[in-house]
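I have placed the structure first, in the form of structure tokens, so that the comments after it can refer back to it.
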Amino acid sequence: MPDKSNVAFLGLGHMGSPMALNLHRAGYRVAGFDVVPEALQTARAQGIPVAGNALDALAGADVVLTMFPSGRHVLDAYVGGAGRPGLLAAAQPGTMFLDCSTINVDEAREAARLAVEAGHRSVDAPVSGGVVGAEAGTLTFMAGGDAADFEAVRPLLEVMGKRVVHCGGHGAGQAAKICNNLILGVSMIAVSEAFVLGEKLGLTHQALFDVASAASGQCWALTTNCPVPGPVPASPANRDYQPGFAAALMAKDLNLAVNALDSTGVVGEMGALAARIYDRFAAEGGAGRDFSAIITDIRESSGRHAPGKAEHQDGEQHGGGAAAGENTGSKLTDRRRITTAHDDGSPE
């Protein structure tokens, strides 16, 4: 591919728009498109060149970069239907199809198969780092595809991210993403439960943070995305849990992990439980909040009190938290294979 490729950037949501803008500023010739009029308007106002439709964006494109809510959206866009041509048929021969969506591993492999059979090249490269990372160009890309194709897109990915990892063949990028977010979702719940427990036991947030951040409880969910305000000033907890990485997207990613657990036969009880917890939180009004806001759900289930103030009453019963835990745990065997995306305009 040429040093400064022509890029059709499809999917200009919360993540896609700043990513496209970074490419444009770096000298790539970008033509963006999104089916949501508001996203197009925002992109245009930011200075991102936009096309009238997806097929117009493909004109002269060396790379077709997609940031879609789900694997179904990716596959439908690739093959078309209902009398409209798909992206694969409309693209010039040998086009690089770079999918940065977060989707099921088997869907990523199917998308790659379709692209290669149509005479194109394919790399899956989901991202981690959230909107802040997209804006700053500090995302982590987890890439799957042939080594030569990965090297071809590496310069483009390095404009949008600070870390780019080739994880293996087609679908390996998606595999790495869902494994990583399985760890993240479970650890955020554990960190949040620990802080609520600390509140009940009389610990200040800062005291618990100072101990755990320098001890065996240290993890990213604690030291970077701390779910209580104060110890980490840049965490969403200090902005009333404005994402960041929305809880709806964490629910989506955890359900992708559950799908993978089921399809491989891996017994992943913590992953399944975390998926159920975030599903419920998103459905009950938390969808648009940062995923660290799960602590508010844990706190409310454990008995309402002012954040950061301990409760010391002797003999006080906190049955709400136990009951919630029992009810959630009793449903562990009821795994659901969920493929519907929680769309905020683009995946994380």
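The values are calculated or read from the model by the stated rules, or taken from the named source; none is laboratory data. What you are looking at is a predicted structure, and each value in this text was computed from that prediction instead of being measured. Backbone-built Cβ (ideal geometry, glycine too); neighbour counts: all protein chains shown. The protein model used for the area step is the full one, side chains on, heavy atoms only, and it has no ligands, DNA or RNA in it. Shrake-Rupley method; radii C 1.70, N 1.55, O 1.52, S 1.80 Å.
Observations, loosely collected:
- Using the Cβ-Cβ distance between ARG280 and VAL36 with R0 set to 30 Å, the FRET efficiency from 1/(1 + (r/R0)^6) comes to roughly 0.65.
- Coordinate range along principal axes, alpha carbons of the chain, Å, largest first: 73, 40, 35
- Virtual spin-label span in nm between GLN92 and THR138, 7 Å along Cα→Cβ: 3.7
- Under DSSP loop assignment and at most 16 Cβ neighbours within 10 Å, longest trypsin sites (Lys or Arg not before Pro)-free interval of the chain: 5-303
- The heavy atoms of LEU197 offer some 100 square angstrom of accessible surface to a 1.4 angstrom probe.
- With Cα atoms as the point set, the radius of gyration and Dmax of the stretch 21-104 evaluate to 12.8, 37 Å.
- Accessible area per residue in Å² at 1.4 Å probe, computed on the stretch 40-187: 39
- The stretch 111-270, accessible surface, carbon-and-sulfur percent (1.4 angstrom probe): 59
- Computed about its Cα centre, the charge dipole of the stretch 60-191 is approximately 180 debye, with only Lys, Arg, Asp and Glu carrying charge at their Cβ.
- Principal-axis analysis of the Cα atoms of the chain puts helix 147-160 at an angle of about 60° to the longest axis.
- Counted residue by residue at 0.36 nm each, then reduced by the alpha carbon distance between them, the extension gain from LYS4 to TRP220 reaches 74.3 nm.
- Degrees, to the nearest 10: 16-25 long Cα axis against longest axis of the chain: 50
- Where Rh is the Kirkwood radius over Cα pairs, Rg/Rh for the stretch 149-243: 1.11
- Neighbourhood net charge (11 Å Cβ-Cβ; Lys/Arg +1, Asp/Glu -1) for VAL164: +1
- Using the empirical formula 2.2 N^0.38 Å as the baseline, the Cα radius of gyration of the stretch 62-220 reaches a ratio of 1.30.
- On Cα atoms only, tilt of 247-264 relative to the major axis of the chain in degrees: 80
- With R₀ fixed at 35 Å, the C-beta to C-beta distance from GLU269 to GLN206 puts the FRET efficiency at about 0.60.
- Summing charges over neighbours of ALA176, with a neighbour being any other residue whose Cβ is under 13 Å away from its Cβ, gives 0 when K and R count +1 and D and E count -1.
- Between THR138, CYS100, ALA118, the Cα set farthest toward the positive side of the dipole of the stretch 94-148 (charges on each charged residue's Cβ, about the Cα centre) is that of THR138.
- Förster radius 25 Å - calculated FRET efficiency between ASP240 and GLU300 (Cβ-Cβ, nearest 0.05): 0.95
- Under the Karplus curve 6.51 cos²θ - 1.76 cosθ + 1.60, θ = phi - 60°, whole-Hz ³J(HN,Hα) for the stretch 102-118, x wherever Gly or Pro sits: 10, 9, 4, 4, 5, 5, 5, 5, 5, 4, 5, 4, 4, 5, 5, 5, 7
- In a reduced charge model with +1 at each Lys and Arg Cβ and -1 at each Asp and Glu Cβ, the chain shows a dipole moment near 360 debye about its Cα centre.
- Distance histogram in 10 Å bins (all Cα pairs of the stretch 1-68, percent per bin): 26, 60, 14, 0
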